[in-house]
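First the structure, in the form of structure tokens, and then the observations on it.
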Amino acid sequence: MESCTWLICAGLLIVIVVSIVLLAKGTEKFQHVGMAATLPDGNYSIINVATSNQFASNIVDTVQCKDFMIGQRQPPQTVGWNLKRVAEGVYKLNKPGDQECLYTSPQNTLRSYYFPGCQSKNLCGLDGPDYKGELDQDSLRTYFMILQHPTGHFYIKSMKNDMYVNMNDNKLYLSSQPTDNSLFSIMPL
């Protein structure tokens, strides 16, 4: 009887130790991905926290509005982005002057529409919810959720595919989970 009790106690101790080890290993580095940001519309500088690189439009491929040729004309390099709030925590990222905007391509890459002299009204998506009060499904490619991390930095998440914007060596890319390269500093210009 005593040996049976001893085996049960030893078994329970092993289960507890293994559980503690598994829980300690299973903790994610990014347990808190933030709350919806409340940034007023305006021009902002966006800088990657990990690399200190500027989030500039010349690091993504540009697409013209009429012929949809990639990279034929490069926009002037400017460091500011004009954030336009569409819904709570959801923004469009345009360049000042509204001649360029960031979007998520069907290949899940980031690109920008660059359309000087083009009169395509909704190329960069609707400026607000549709007539039903919902986000326009055709505009999701140009909408980005901005989430504020407890550190005061921000994540930028594509509304088209729920992927996080990352920056590494002056290149933008998307990932399904936030990484060290997903945090950005967003400050008014």
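Computed from the C-beta positions of residue 78 and residue 38, the FRET efficiency with R₀ = 22 Å rounds to 0.35.
With each label point set 7 Å from Cα along the Cα-Cβ vector, what nm distance links residue 50 and residue 14? Rounded to a tenth, the inter-label distance reads 4.0 nm. Net charge of the neighbourhood of residue 52, taken over other residues with C-beta under 14 Å away and scored Lys/Arg +1, Asp/Glu -1, is -2. Here the calculated FRET efficiency for residue 185 and residue 98, from their Cβ-Cβ distance with R0 = 35 Å, stands at 0.90, rounded to the nearest 0.05. Nearest 0.05, what FRET efficiency do residue 173 and residue 131 give at R0 = 30 Å with Cβ-Cβ as r? About 0.30, to the nearest 0.05.
Here, each number is a calculation from the coordinates, and none is a lab measurement. Because the structure is predicted, anything quoted here is derived from the model rather than measured. Every residue, glycine as well, gets a Cβ built from its backbone with ideal geometry; the counts of neighbours run over all protein chains shown.
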